1. Kindly identify segment 264-332 as rounded, prolate or oblate by the Cα gyration tensor criterion: order the square roots of the eigenvalues as a ≥ b ≥ c, call it rounded if a/c is under 1.5, otherwise compare a/b with b/c, prolate if a/b is larger, else oblate.
2. Taking θ = phi - 60°, what integer Hz values does the Karplus form 6.51 cos²θ - 1.76 cosθ + 1.60 yield along segment 253-259, in sequence order, with x for Gly and Pro?
3. Go from 0 up to the bin containing the longest alpha carbon distance in segment 208-250, width 5 Å each, and give me the % of pairs per bin.
4. Once label points are set 7 Å from the Cα along Cα→Cβ at both residue 311 and residue 502, what is their separation, rounded to one decimal in nm?
5. So what's the net charge close to residue 195: Lys and Arg +1, Asp and Glu -1, counting the other residues with Cβ under 14 Å from its Cβ?
6. Full extension from residue 269 to residue 251: what is 0.36 nm times the residue separation minus their Cα-Cα distance, to one decimal in nm?
7. Taking R0 as 30 Å, what's the FRET efficiency between residue 232 and residue 106 from their Cβ-Cβ distance, rounded to 0.05?
8. If I model a spin label as a point 7 Å beyond the Cα along the Cα-Cβ vector, how far apart are those points for residue 493 and residue 581 in nm?
Amino acid sequence: MDDSGDMFGSTPPEEADKPSAAELEAAGQSALFGDPVDDKPPFVPDSPATPKPAAAPPQATPAPAARPAPALSPTGDSAQPYRVLARKYRPQTFSQLIGQEPMVRTLANAIARGRLAHAFLMTGVRGVGKTSTARLIAKALNCVGPDGQGGPTIDPCGVCEPCVAIAEGRHIDVIEMDAASHTGVDDVREIIEAVRYAAVSARYKIYIIDEVHMLSRNAFNALLKTLEEPPAHVKFLFATTEVDKLPVTVLSRTQRFDLRRIPTPVLQQHFASICRQEDVEAEDEALAMVAAAAEGSVRDGLSILDQAIAHADLDADDAGGKVTAERVRDMLGMADKGAQRRLYAALLEGQPQVLLEEIDRQYSFGVEPLALLRSLMELVHRIAVIQVAGQADSPTLEEREAIEGWAQRLSAGQVHRLWQLLLKGHEEVRGAPDPLVAAQMALLRVLHAADMPDPGTLARQLGDMVLAAAPVAAATGEGGAAPAAPVVQIDWRELCEAVEDRGMLLTASIMRDWVRVVTLSHGNLRYAVAPGFGGDPINELRDALYAVTGQKWELERVEDDGALSLREQAGAAAAAEQDRIRNAPLVKAALAAFPDAQFVEDEQAPRSERKWSKSA
């Protein structure tokens, strides 16, 4: 029987040509992920038009042709996609967590003394390490050491099973939840029900809740009891950027750590270290720009640095893909440092044509008007700091010399006035329909106001002019050769009204009622006090005159009578008016006809406007 072999032992030719299940799976994996370098060539089915003979003598199989190895990614692993720097260099130990030394010291002391809180709250701006700190605390509490016998430590080993599993995000006892997508009571109820059960393999069951402020009010209320008295094996780690949205009842049940913004010099050093590890060359000025643009956030800075490295690599003419300050400036749309200095010099020197040309040039380079004003404000701020600190911190010698020169040339009042003008211009540009036109008008206003004296200086200059005019007038009056200078007369009544307008009512009343002016000139007052006033009002008078005139006065109390006070003058004038009326012939005749007649004031008029009747 010819077909007995097919039934009991031999394989039909058409079945022999079909691939096995293992070969099909290997071909599918190769199509999805690429061929591994050390594997056999993938299975290629033969053409059905050329069937193989059923039996063929064994022949020597030729060695397959050498294939080029697939190109590896920068990380050296062809199967792994590229990871951004913010994820690749996430801190794995507390020593790698930069800028948060006080918090690390507190946690180290708490672990060493066995005084671990049951709930921690990490708060701060974006990208300063809140979630990374929560994961590090989870590793520190559950680390068992390389030998499996260790306890909680501030320096987790990173090689034990709990450390590795937590770092890879697969530990069954470390539950990380995003409160932005789990905001309701049902999500919190799952936590409440799960905390009753002990940890499966770790020392503590840890719940990391990111953006905890997104939980609803009812969810917070449902969590309060468990958060106040959790089981001994449970720890809660909260992270949030808006701590003011958390209820006070939650804040009182947690140990709070405020993570700080990372200083710009620390960020610059950190980015330089990462560039060395990535074999990327970068200029110090470029890294300083990236660190300044990060605004204290490590994640923001690493994202900008990642973009800067990619931006440099796209330049075929730039050997090695060096990260330069010029390219970072173009990428961020920042104004050139030299352009900032030229623009600031045009403002101070009063060159409107140069100013407008420089604004148009920067706008054509892609610098936004708002960024241009911010750069000028930053320059003014640095000048003000140098005037106080006395030392410039600039990456280049040219910039340092320019800033130090301006700091010596300008007064503190001029610098502060420039800041106020630029700040007002910044607000106008932000809300203007045409930012470029608004920036031009704002900077032109700064240009014309740069040399104007401030109000205090102007008042002192006017006072000096008045004081200088008095001796000149006296000298020319004796010689008769020069024309007499105008003498500024000071009215005591006007000074009293000015003091009253400033809200110093009690001092104004003393000046009207009790002060008798002996001599009065600009900046000098000799006075006497009317009988009946206790004490000497010299301090009140000095403060009031300085407030209304802007200069210091020399006051002297004398025993001379001097002129009557304003109140006494008003009383004397009223008595003289009354005597004049009584001595009028018609009034005398009326009083003779009506001996009991009396003078009566007009009760309808205000007190300040009451006058004796002149008709009789």
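1. Values: a/c = 1.91, a/b = 1.49, b/c = 1.28.
Because a/c hits 1.5 or more and a/b exceeds b/c, segment 264-332 counts as prolate.
2. Coupling constants for segment 253-259: 9, 10, 9, 9, 10, 9, 6 Hz.
3. Binned Cα distances yield the sequence 5, 21, 32, 27, 11, 3.
4. Taking the simple label geometry, residue 311 and residue 502 are separated by 5.5 nm.
5. Details: positive: 189, 196, 205, 225, 235; negative: 173, 187, 190, 193, 228, 229.
With Lys, Arg at +1 and Asp, Glu at -1, the net is -1.
6. Numbers: separation 18, 0.36 × 18 = 6.48 nm, distance 3.48 nm.
The residue 269-residue 251 span can extend by a further 3.0 nm.
7. Details: r = 22 Å, r/R0 = 0.72.
Once the sixth-power term is evaluated, E becomes 0.90.
8. Calculated label separation equals 2.0 nm.
The values are calculated or read from the model by the stated rules, or taken from the named source; none is laboratory data. Keep in mind that what you see is a predicted model, and the values were worked out from it rather than measured. Glycine also receives a Cβ, built like all others from the backbone with ideal geometry; neighbour counts cover every protein chain displayed. Ligands, DNA and RNA are excluded from the accessible area calculation, which covers all protein heavy atoms including side chains. Shrake-Rupley method; radii C 1.70, N 1.55, O 1.52, S 1.80 Å.
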